[in-house]
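The next block holds one structure in the form of C-alpha cells; read it before the comments.
The values are calculated or read from the model by the stated rules, or taken from the named source; none is laboratory data. In this text the structure is predicted, and so the values were computed from the model without any measurement. Note that we place each Cβ from the backbone using ideal geometry, even for glycine, and neighbour counts take in every protein chain shown. These area figures cover heavy atoms from the full protein model, side chains too; ligands, DNA and RNA do not enter into them. Shrake-Rupley method; radii C 1.70, N 1.55, O 1.52, S 1.80 Å.
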Amino acid sequence: MNRAVLRLGLSATIAVTAVSLGVATATSTTAGVPGNPVGAVHTTTSTLVALHADEDHDDNDLTVKNALSRSPEAAFTTDPTTDSERAAAEAYVASERAMADPTLTTAQLGRPRLAVPEDRYAMAGGCYTLNGKPYLFQATGLGSYLLYTPDKKFLGATLLGTVAPQPKPSTSADWTVERTSTGSYTFRLANGRSLRRTATGGLAVGTPTPFALARTTGCTAYPEADTNVTGGPFAGTSSFQEVRGYVDPHTHGMSHEFLGGQVICSPPWHRYGAAYALVDCPDHQLANGKGAVLEDFLAGRTPGTGHDPVGWPTFKEWPNPHSLTHQGVYWKWLERSWRGGLRVYTNLLVENNVLCELYPLKRHNCDDMDSIRRQAKDMYALQDYIDAQYGGPGRGWYRIVTDPFQARQVINSGKLAVIMGIETSVPFGCNVRAGSPTCTPAQLDAGLAEVKALGVRQMEITNKFDNALTGVTGDEGSTGTITNLGNFYNTGSFLRMQTCPSTNPPEEHDKLQGPLTAPAGALPEQDAIFGGIGRLYGLLGIQPLPAYPAGPHCNTRGLTDLGKRLLNQMIDNGILFDPDHMSVAGRNAALDLYEQAAAEGRHPGIISSHSWSTPDAYPRIYQLGGFVTPYAGDSPGFVGKWKQHVGWADSRYYFGFGYGADMNGFGSQGSPRGASAANPVTYPFTGLGGVTLDRGVSGQRVWDVNTDGVAQYGLYPDWIEDASHVAGTQGVGFKEDMSRGAEAYLQTWERALGVAPDACRNPSLRIGADALRAKVTTGMTTRQVLDAIGQPYERLGRTFSTCANGTNGATARMAVDFSAAGTVTAVRRTA
C-alpha cells in the first residue's frame with residue numbers, strides 16, 4: 001500500500017476521533033460535536049467490545065512480568081551455562097558479599113536555615129515575615145516563589161494594581177526575588193510589576209520596595225506529597241570511595257512528552273506543586289472518567305467503563321501497577337526512592353513516531369529527535385526545579401551526570417546520579433525506506449555528537465521497528481500484529497521473518513509472527529500500549545500480513561554497516577550500548593563486534609536494562625564486563641530472575657544487581673502480594689543506609705506495597721524490602737547484591753572509558769610491586785591512578801587496594817592512600 005494513501009486513511013480515522021472527542025489534534029482546530037463522547041472515540045463502542053471478545057488481552061499476566069526474558073520464546077529456551085559454571089559463579093558472588101562494605105555517613109538534607117536568608121534561593125520552604133506578616137515561601141523555580149498565607153491563599157496582584165490574597169496560584173502571584181546590596185529583597189512579577197509598600201504601610205505594585213525578611217513561625221505547610229522517610233541520606237566518607245545504592249537503568253521519567261504529549265497523563269512536576277501536576281488527561285475527564293478509552297483498553301476493560309479521574313488528593317484509582325497512561329514518576333515519588341536507597345537512575349528519552357501519528361490527541365510533533373531534545377530539556381528543567389526546593393543551584397538531590405567519576409562524587413555526597421539515555425525506533429532520523437537508509441554516515445555522526453552534547457550516555461539503537469541500523473526482534477500475539485503493521489507503515493516493509501536456521505541454538509530467535517492470538521503455551525504480549533494504540537486508532541485492517549513460515553522466527557535484517565559505524569563510535573565515545581529490542585541477528589553481530597573490540601584492546605561498554613534480550617545474550621554481556629538488570633515485575637518473579645543471574649556472574653568483575661522498572665507507559669509494575677501474604681512488609685522498616693521508611697502519603701492517599709504493589713515509583717524501596725522477604729533465608733544476600741548495584745554499574749561505565757579491570761580479579765593484568773610504585777606517584781588524582789593501574793579491588797574510605805606481582809610468584813597486596821582532596825599521599829604494600 002502506498003504510504004501517502006495509508007497516511008490519508010489513518011488521518012481520516014484520527015480526524016473523526018478528534019472531532020468526536022471535541023479535542024483538537026496538532027493540525028486541526030475543529031470544534032467538538034454533541035453526542036456521547038465515549039462511544040464516539042471510536043466509530044462505535046461495539047467495535048471495541050468485539051476486539052476484546054476476539055482476544056485475551058492481559059499485559060498484567062504474571063508470566064509476562066516475571067519471565068527471565070520479555071521475549072515470549074525465552075520460556076522455552078535452555079540455560080547456556082553448565083551446572084559447574086553456575087556453581088562457580090554462585091560461589092564467587094557469595095565471596096563478593098563477604099567483602100568489607102564501605103563506611104557510610106549521613107548527608108545534610110537541604111541547607112541550614114538562618115535567621116535572615118543569605119541569598120535569593122535560601123527562603124525555599126521557609127516561613128518569613130514580609131511587611132510584618134508571615135508567609136511560607138514556596139519555590140516555583142530558582143529564585144521565584146509563591147507567598148502562601150496562613151489561611152492557604154497566595155499573595156498576588158490584582159488587575160487594579162492592588163495586592164491581596166488570591167485563592168489560587170498564578171503568574172500574578174508568582175514572584176521573582178532579587179537580593180539588594182543591603183541584604184533586603186525585591187519582588188517582581190512576570191509582567192514586570194514589582195511589590196511596593198504604600199504610604200500607609202500596605203502593599204501594592206509599582207516601583208519596587210526592598211523588604212527585609214526574617215524567619216518566623218505561624219505559616220501553613222504547602223500541600224505536597226510526603227516521602228515519610230526519616231533519617232538523612234546516606235553518603236560516603238570520601239568522594240571517591242566505593243558507593244552503595246540501588247540502580248534502575250531503565251525508566252521513562254519524561255514520557256509525558258512522547259506520542260505527542262497526551263498519552264501519559266500528568267507531568268513529573270509542576271511549578272505550583274502536586275495539585276497542579278497530578279491531574280488526569282483531558283480526555284479521561286470526559287463523562288467523569290469514561291472518556292479514557294485507551295486506558296480502559298490497556299487495563300482489559302470494556303471501553304467506556306471508565307475510572308475515577310481525580311488524582312490529587314484522593315488517588316482512588318490511579319496511579320496503580322497496571323495503569324499505563326498515568327504518571328508514576330512524580331518528583332516526590334522519585335525522591336522517596338532516592339531517600340530509600342536509589343543512587344543510579346537512567347531516564348530514557350523515548351519516542352515512537354508511528355503511534356504518535358496515529359494517536360488523535362497531541363500537542364507536539366512526532367519527530368523522534370525533536371521529542372528527545374524536548375525531554376532532555378525537561379530533565380534539566382526538573383533538576384533546576386528540585387534545586388529550587390532545596391535552596392539553590394546545585395543543592396538539589398537530582399544530579400544529571402555525564403561520566404562515572406562525576407557520578408561517584410554525586411552518590412558519595414548523598415545524591416542521585418541521573419543518567420540520560422535513549423530508546424527510540426528512529427534515532428538520528430536513521431529510518432529505512434524500500435531497503436535504503438534515510439540518513440547518511442555524516443548525519444549519523446552529527447546525530448551522535450548532538451545527543452552526547454545533550455548529555456546522553458546510554459543508548460538502545462532501536463525499539464519497535466527496523467531502521468537503518470538494525471533489525472528489530474518484534475512483538476508477538478496481537479501486539480506483534482500491530483507493531484508489524486507499524487513497521488510496514490514506517491519502513492514500507494513488513495518484518496522479514498524466516499524460520500531460524502537449524503544451526504541456531506534453541507534460545508536464539510526473534511518473536512513469532514502470525515495470527516492475532518499467539519500459539520498455545522506462549523507468554524502473553526508485552527508493551528501493550530503499542531498494540532493498544534495501533535488497534536484503537538487505525539492500524540488493524542490497513543494491509544494484510546504476509547504469510548510467514550513455521551517458527552521459530554528470525555528477522556533476516558541484522559546489524560547494518562551504519563549500525564556498525566554507530567556502535568564503533570559509541571565505543572570511542574564511552575557511551576553505554578544496550579542491545580535490547582534488537583533482532584537476534586543484529587544483537588549477535590553487535591556482541592561479536594564488541595567482543596572483537598575488547599580483543600583489540602578497545603573498551604566497549606554494554607548493559608541490558610529490561611529483559612528485552614534472549615537469555616543466550618546475558619552470559620556474553622557479563623563476559624564483556626557488562627551489567628544486566630532484569631525487568632522488575634512482581635517481587636516473587638524478580639527473586640527468581642536474581643537467582644538465575646547470579647549463576648551467570650563473571651568472576652573477573654565486581655558483581656552487583658539492579659532492576660529495570662520500565663515505568664511510565666511501557667511495563668506494568670509489581671502487583672501486591674496481598675495483606676494476608678506470608679511474611680509481608682511491616683511498616684516502618686529500615687532501609688538502605690539506616691533510614692526509616694513508613695508508608696508514603698500523597699494528599700489523602702496512603703501507600704502500602706502489601707496492598708498497592710508498585711503503584712508509583714516511590715514504592716520501589718518497599719518492593720525491594722518485599723522481595724527480600726520473598727527470598728527467605730537468601731534475603732540478606734539479595735539485599736547485599738542490590739545494594740552493590742550502583743557500584744557495579746559505575747565500574748562497567750569506568751571500563752567503557754578505558755579504565756582497566758582490577759588486577760586482583762584479573763591476575764594477567766598484574767605488574768610488579770616496584771613497577772606499580774613507579775606508576776603511582778605522590779600528588780596524582782584518583783582518575784590518574786585509575787588510568788595508570790586500573791580499577792582497585794576495594795575503595796574504602798581514602799584508600800584503594802589492588803594486587804601486584806611479588807617475589808617468587810607471590811601476590812603482593814598494595815594500598816594507595818589519598819588525601820581528603822583525592823590526591824595520592826602514599827603507596828604501600830599491605831601483604
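Kindly establish whether Thr140 is part of a strand (DSSP E or B) and of a type in the set (S, T, N, Q). It is true that Thr140 is part of a strand (DSSP E or B) and of a type in the set (S, T, N, Q).
Can you find a residue in the range 270-281 that is in contact (Cβ under 8 Å) with a residue 12 or more places away in the chain, crowded, with 24+ Cβ neighbours inside 10 Å, of a type outside the set (S, T, N, Q) and out of contact with any helix residue (DSSP H, G or I) (no Cβ under 9 Å at 6 or more places or on another chain)? Looking for residues that are in contact (Cβ under 8 Å) with a residue 12 or more places away in the chain, crowded, with 24+ Cβ neighbours inside 10 Å, of a type outside the set (S, T, N, Q) and out of contact with any helix residue (DSSP H, G or I) (no Cβ under 9 Å at 6 or more places or on another chain), one finds at least one in the range 270-281, hence yes.
With the condition kept exactly as written, say whether any residue in the range 608-618 is part of a helix (DSSP H, G or I), open to solvent by less than 10 Å² (accessible area, probe 1.4 Å) and of a type outside the set (Asp, Glu). Show your work before the answer.
First pass over the range 608-618, keeping only residues part of a helix (DSSP H, G or I): 617-618.
Next cut, open to solvent by less than 10 Å² (accessible area, probe 1.4 Å) only: 617-618.
Narrowing the set further to residues that are of a type outside the set (Asp, Glu) leaves 617-618.
Yes.
Can you pull out every residue in the range 619-630 that is part of a helix (DSSP H, G or I) and touching a strand residue (DSSP E or B) at 6+ places or on another chain (Cβ under 8 Å)? Reasoning before the result, please.
First pass over the range 619-630, keeping only residues part of a helix (DSSP H, G or I): 619-623.
Residues satisfying the conditions are Ile621, Tyr622.
Residues of the range 128-146 that are farther than 12 Å from Ala388 by Cβ, touching a Cys at 6+ places or on another chain (Cβ under 8 Å) and open to solvent by less than 20 Å² (accessible area, probe 1.4 Å): Tyr135, Leu136. Is it the case that the range 569-585 has a residue that's modelled with pLDDT of 95 or more, among the hydrophobic types (A, V, I, L, M, F, W, C), closer than 22 Å to Pro505 by Cα and open to solvent by 10 Å² or more (accessible area, probe 1.4 Å)? No; the residues of the range 569-585 include none that is modelled with pLDDT of 95 or more, among the hydrophobic types (A, V, I, L, M, F, W, C), closer than 22 Å to Pro505 by Cα and open to solvent by 10 Å² or more (accessible area, probe 1.4 Å).
When you scan the range 284-302, how many residues do you find that are open to solvent by 10 Å² or more (accessible area, probe 1.4 Å), in a loop (DSSP other than H, G, I, E, B) and not β-branched (Val, Ile, Thr)? So the answer is 5.
For Gly260, state whether it is in a loop (DSSP other than H, G, I, E, B) and not charged (D, E, K, R). Don't jump to the end; show me each part of the working.
On the way: in a loop (DSSP other than H, G, I, E, B): no; not charged (D, E, K, R): yes.
Answer is no for this residue.
Show me the strands (runs of 3 or more DSSP E) found entirely inside the range 342-434 where at least 1 residues are farther than 30 Å from Pro792 by Cα and open to solvent by less than 10 Å² (accessible area, probe 1.4 Å). Working first, answer last.
Values: elements: 342-351, 398-400, 416-424.
Correct list: 342-351, 416-424.
Among the residues examined, Gly658 does not qualify as in contact with a helix residue (DSSP H, G or I) (Cβ under 7 Å, 6 or more places away or on another chain), touching a residue at least 40 places away in the same chain (Cβ under 8 Å) and closer than 26 Å to Pro763 by Cα.
Considering only residues that are among the aliphatic types (A, V, I, L, M) and part of a helix (DSSP H, G or I), look in the range 596-607 and name the one that is farthest from the chain's Cα centre (by Cα).
So in the range 596-607, the residues among the aliphatic types (A, V, I, L, M) come out as 597-599, 606-607.
Add one more test, that the residue is part of a helix (DSSP H, G or I), and what stays is 597-599.
On the way: Ala597: 29, Ala598: 28, Ala599: 32 Å.
So the residue we want is Ala599.
For the range 157-189, filtered to residues that are of a type in the set (Ser, Thr, Tyr) and in a strand (DSSP E or B), the residue that is most open to solvent (accessible area, probe 1.4 Å) is Thr162.
Ala675 falls short on exactly one of the conditions (1) more than 25 Å from Ile419 (Cβ to Cβ); (2) at pLDDT 95 or above; (3) open to solvent by 30 Å² or more (accessible area, probe 1.4 Å), and that condition is (2).
Residues in the range 96-114 that are open to solvent by less than 60 Å² (accessible area, probe 1.4 Å) and modelled with pLDDT of 95 or more: Glu96, Met99, Ala100, Pro102, Ala107. The number of residues in the range 547-560 being open to solvent by 50 Å² or more (accessible area, probe 1.4 Å) and in contact with a Pro (Cβ under 9 Å, 6 or more places away or on another chain) comes to 1.
Looking at the range 195-217, can you tell me whether even one residue there is closer than 30 Å to Thr105 by Cβ and either at pLDDT 95 or above or aliphatic (A, V, I, L, M) (or both)?
As a first pass, look at the range 195-217 and keep what is closer than 30 Å to Thr105 by Cβ: 215.
Remaining after also requiring either at pLDDT 95 or above or aliphatic (A, V, I, L, M) (or both): 215.
Yes, the conditions are met somewhere in the range 195-217.
Pick out the one residue from Thr346, Thr305, Thr325 that is over 17 Å from the mean Cα position of the chain (by Cα) and among the hydroxyl-bearing types (Ser, Thr, Tyr). I'd like the intermediate steps shown before the answer.
Details: Thr346 fails: over 17 Å from the mean Cα position of the chain (by Cα); Thr325 fails: over 17 Å from the mean Cα position of the chain (by Cα).
After ruling out the rest, the residue left standing is Thr305.
A search for C-beta distances below 6 Å between a residue of the range 739-750 that is part of a helix (DSSP H, G or I) and any residue that is modelled with pLDDT of 95 or more and of a type in the set (Phe, Trp, Tyr), counting only pairs 6+ apart in sequence or on different chains, returns Gly741/Tyr246; Gly741/Phe657; Ala744/Phe627; Ala744/Tyr654; Tyr745/Phe627; Gln747/Tyr654; Thr748/Phe627. Counting only strands (runs of 3 or more DSSP E) that sit completely within the range 753-821, those holding 3 or more residues that are of a type in the set (A, V, I, L, M) and either within 19 Å of Ala100 (Cα to Cα) or open to solvent by less than 50 Å² (accessible area, probe 1.4 Å) (or both) correspond to 811-818.
A count restricted to the range 719-750 and to residues that are buried (at least 24 other Cβ atoms within 10 Å of the Cβ) and either in contact with a Pro (Cβ under 7 Å, 6 or more places away or on another chain) or modelled with pLDDT under 95 (or both) stands at 4. Residues that are assigned to a loop (DSSP other than H, G, I, E, B), of a type in the set (Gly, Ala, Ser) and in contact with a Gly (Cβ under 9 Å, 6 or more places away or on another chain) do not occur anywhere in the range 267-280. Just wondering, is there one or more residues in the range 190-212 that are assigned to a loop (DSSP other than H, G, I, E, B) and under 37 Å from the mean Cα position of the chain (by Cα)? For the range 190-212, residues assigned to a loop (DSSP other than H, G, I, E, B) and under 37 Å from the mean Cα position of the chain (by Cα): present.
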